[in-house]
Amino acid sequence: MTKKLILLLGPTASGKTGISIDLAKRIGIEKCHVINFDSVLFYNELNIGSAKPDEVEMDGVTHHLVSISPITKELNASDFVELAIIKINELHSKGIVPILVGGSAFYLRSLIRGMYESESTDEAIQQEARDLYEKEGMAPIVAYLKVHDPESLENLHENDHYRRTRAYEYHRMTGKKISDQKKQADDHGAYDFSTNIHGWDTLNICLELPKEEHWEIILKRTKQMLEQGLLKEVEDIMANDDHSPELKALKTIGYKETIQYLNGEITSEEELIEKIYFATRRLAKSQKTFLKKVTPLSRFHPLSQRNDIYNLVEDFILE
């Protein structure tokens, strides 16, 4: 029984989706499936702004963990790990090679190296955090972390409400910084992907682009999202009374800014494009920082070295 697994990594807008589909077709769509670990693609309603591949783009390749939840039901890293392990084991039992594709670094590291070991949060503190968030948003949680765990505040993206809230809850319960747990995990090889806790045989590939070339692609993709109907997509989402701008999924890049535009906080489409573009650049920079630490990782330009990627994968499959 094969336990081979291909990890296709790279910052946002680096061409992972297209290459993963091409790889699966070259291996054979009955022998190779794609498993998504981009957290935004989990949600049914988020399509254009998440750059989710449609049926035409998938071109017969089976994709898993795409459009598996409504935005009103948040999925976190623990949920992903549980679902991914079940799916990977299922595919391996059928002799199918999974390609893991995405940009959510924490989710991938949690799968490969394991979740941080930390105490479960007391239900009363969880309720306290929920009440605080509903009444005042993230501001008081951010203020608390500035005093008690500034490292978590610095390391976590401003839109990562789940993990910022988790850091708040952890300190409220233990008096300790969850960032210390992260440092301890990092010191014990959190970025070492040469082995994994599941015994899978992995091939680790990273797509890399020169900065200026990458920025140009990000700007082009941002404009394409508007042309493809991002405004209409978000209008339709917000027409549902159950959909609040405070939902975690709607705080993600592209959706957060479009809601601000529809609410009049952003005053022109040019400003909207600029806001999404620079937010995406910041995300890409954060993802690149993570990927620089990961070893071993075979790094390729997604355009000029595409054939090299194909050859490496074919050799890995035939081993």
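General observations
- Residue within region 297-318 that is touching a Phe, Trp or Tyr at 6+ places or on another chain (Cβ under 7 Å), at pLDDT below 95 and buried (at least 18 other Cβ atoms within 10 Å of the Cβ) present: no
- If you go through region 88-130 and keep only what is surrounded by 18 or more Cβ atoms within 10 Å (Cβ to Cβ), in a helix (DSSP H, G or I) and at pLDDT 85 or above, you end up with 88, 91, 92, 105, 107, 108, 109, 110, 111, 112, 113, 129.
- Contact map, region 161-175: first residue over 10 Å from residue 149 (Cβ atoms), second residue among the aromatic types (Phe, Trp, Tyr), Cβ cut-off under 9 Å, separation 6 or more or different chains; pairs are 161/133; 163/106; 165/133; 172/144.
- Sole residue being at pLDDT below 85 and either buried (at least 17 other Cβ atoms within 10 Å of the Cβ) or part of a helix (DSSP H, G or I) (or both), chosen from 162, 168: 162
- Hits in region 234-250 - residues which are crowded, with 17+ Cβ neighbours inside 10 Å and in contact with a Ser or Thr (Cβ under 8 Å, 6 or more places away or on another chain): 234, 243, 247, 250
- Scanning region 131-156 for residues that are part of a loop (DSSP other than H, G, I, E, B) and surrounded by 16 or more Cβ atoms within 10 Å (Cβ to Cβ) gives 138, 149, 156.
- Where a residue in region 34-60 is more than 13 Å from residue 101 (Cβ to Cβ) and surrounded by fewer than 19 Cβ atoms within 10 Å (Cβ to Cβ) and its partner, wherever it lies, is at pLDDT 95 or above and of a type in the set (Lys, Arg), with Cβ under 9 Å and at least six apart: 59/25; 60/25
- Among (1) outside any loop (DSSP other than H, G, I, E, B); (2) at pLDDT 95 or above - the single one residue 209 does not satisfy: (1)
- Sole residue being over 24 Å from residue 254 (Cβ atoms) and in contact with a Phe, Trp or Tyr (Cβ under 8 Å, 6 or more places away or on another chain), chosen from 122, 22: 22
- Annotation note: of 275, 256, the sole residue that is assigned to a helix (DSSP H, G or I), in the same structural domain as residue 10 (by TED's automatic domain parsing) and touching a residue at least 60 places away in the same chain (Cβ under 8 Å) is 256.
The values are calculated or read from the model by the stated rules, or taken from the named source; none is laboratory data. No experiment lies behind these values; they were computed from the predicted model shown. No Cβ is skipped: glycine too gets one built from the backbone with ideal geometry, and neighbour counts run over all protein chains shown.
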